[in-house]
1. Over the stretch A:1-77, consider all pairs of different Cα atoms and compute the Kirkwood hydrodynamic radius from their mean reciprocal separation; express it in Å, one decimal.
2. Provide, as a two-decimal number, the C-alpha radius of gyration of the protein assembly as shown over 2.2 N^0.38 Å, N being how many residues it has.
3. In whole Å, what are the extents of chain B along the principal axes defined by its C-alpha atoms, from largest to smallest?
4. Need one number: nm distance between label points at B:K121 and B:D68, each 7 Å from Cα along Cα→Cβ, rounded to one decimal.
5. Nearest 20 debye, what's the magnitude of the dipole of the protein assembly as shown about its Cα centre given +1 on Lys and Arg Cβ and -1 on Asp and Glu Cβ?
6. For the stretch B:115-192, which whole-number percentage of the solvent-accessible area (1.4 Å probe, protein heavy atoms only) is attributable to carbon and sulfur atoms?
7. How large is Rg over Rh for the stretch B:3-92, taking Rg from the Cα atoms and Rh as the Kirkwood inverse mean of 1/r across Cα pairs?
8. So, in nm, how far is label B:A55 from label B:A21 when the simple model puts each one 7 Å beyond its Cα toward the Cβ?
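The values are calculated or read from the model by the stated rules, or taken from the named source; none is laboratory data. Since the model is a prediction, treat every value here as computed from it, not as a measurement. Cβ placement follows ideal geometry from the backbone for every residue including glycine, while neighbour counts extend to all protein chains displayed. SASA here: full protein model, heavy atoms, side chains in, ligands and nucleic acids out. Shrake-Rupley method; radii C 1.70, N 1.55, O 1.52, S 1.80 Å.
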Amino acid sequence: MEIKTNPPFDLVVRDHGPAVLRMCSALLGPGHDAQDAWSETFLAALRAYPQLAVGANLQAWLITIAKRKAIDALRTKHPIPVESLPEQEASVDGFDDLELLESLHSLTELQRKVIGYHYLLGFPYADIPAFLGGTATSLRRAAADGIKTLRKELTNSKDLS
Amino acid sequence: MSELAMHEMNLLAQKLAERAAAEGLIDVSYRLLDSPLGQLMLASTERGMVRVAFAAEGFDAVLGVLADKVGVRILHRAAPLDDAATQLDEYFAHWRTHFDLGLDHQLSSGYRLEVQLALPKIEYGHTMSYKEMAALTGRPAAVRAVGTACATNPLPIIVPCHRVLRSDGSLGGYLGGLEAKRVLLDLEKASS
């Protein structure tokens with residue numbers, strides 16, 4: 001059947017709301033900040049939804065908006081001037097965003113946040129101490145340890161499936 | 001999803017709907033209502049009630065049609081449908097014999113709309129045949145078209161297509177199933 005319209009927005013909220021909340025919670029910690037970022041994400045999505053191309057990848061679209069909202073939230077909470085803006089998204093070979101997100105929960109909070117800020121939000125390591133303290137070097141090391149754990153986990157889960 | 005996560009999700013969705021409504025971003029609000037005919041789905045636009053659906057139709061399928069025909073910005077929101085829900089409750093409790101609600105007829109057009117606009121002329125507890133309904137709308141030969149207009153009535157119960165029967169008194173058809181039609185006719189017979 002030819003798809004003429006995107007699904008009702010209510011269905012988009014039901015289908016993707018939980019994943020977007022998990023992403024916001026992973027990046028901002030569970031609670032108010034994550035909930036606010038979730039609300040801002042879906043409100044922005046609702047505004048733009050009638051103009052969205054029919055058949056668009058809704059999950060990828062929502063994650064892009066949620067990333068922007070998470071960056072806004074971090075900037076508001078940490079009004080330390082961050083020199084370079086995340087422009088290009090870094091990506092890890094072999095992880096797509098969502099798979100990465102779902103696996104983030106097996107990391108320590110620090111690892112999760114550094115990986116989230118760097119790989120999902122695109123902040124260079126040099127900027128992340130402004131949010132999390134520490135040094136660029138120590139954070140890079142935390143991310144590397146976390147990525148090692150993630151690779152192991154993703155390989156295991158692929159072996160299982 | 002855990003029960004707690006589900007609860008958090010529902011609260012967030014509810015807050016989203018309120019903010020969206022305040023910004024005028026909603027094309028269609030909907031809610032569910034328990035009734036003697038099973039669960040019903042009520043949907044409204046800014047102009048009024050636009051759809052009443054039976055569970056047998058598949059609520060998600062109906063929402064899909066509303067997205068296509070009315071607009072994709074559909075959210076679950078009970079408040080704008082509270083009045084309709086109350087009136088339907090009163091109707092099923094035999095306290096109400098007609099509905100006083102703003103209606104949005106945008107899902108119907110042409111002769112179907114004409115028939116649907118004429119249906120409330122059949123009073124509570126009364127019935128009319130498809131043939132009589134055709135005559136009432138000035139097109140005595142359009143018996144089949146009256147049948148189609150009743151079968152495609154987007155606002156069943158409120159626009160009383162259940163009061164139209166075959167000339168021999170048999171039930172004809174009904175979107176919500178014949179059993180639903182019988183329940184409605186019995187309900188009105190018992191009260192009038």
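1. 12.8 Å
2. With N residues counted in the protein assembly as shown, Rg over 2.2 N^0.38 Å equals 1.32.
3. 56, 34, 28
4. My value for the distance between the label points is 3.2 nm.
5. About 480 debye.
6. Using a 1.4 Å probe with all protein chains present, the stretch B:115-192 comes out at 55 percent carbon and sulfur.
7. Reported Rg/Rh (Cα atoms, Kirkwood Rh): 0.97.
8. Computed distance between label sites B:A55 and B:A21 equals 2.5 nm.
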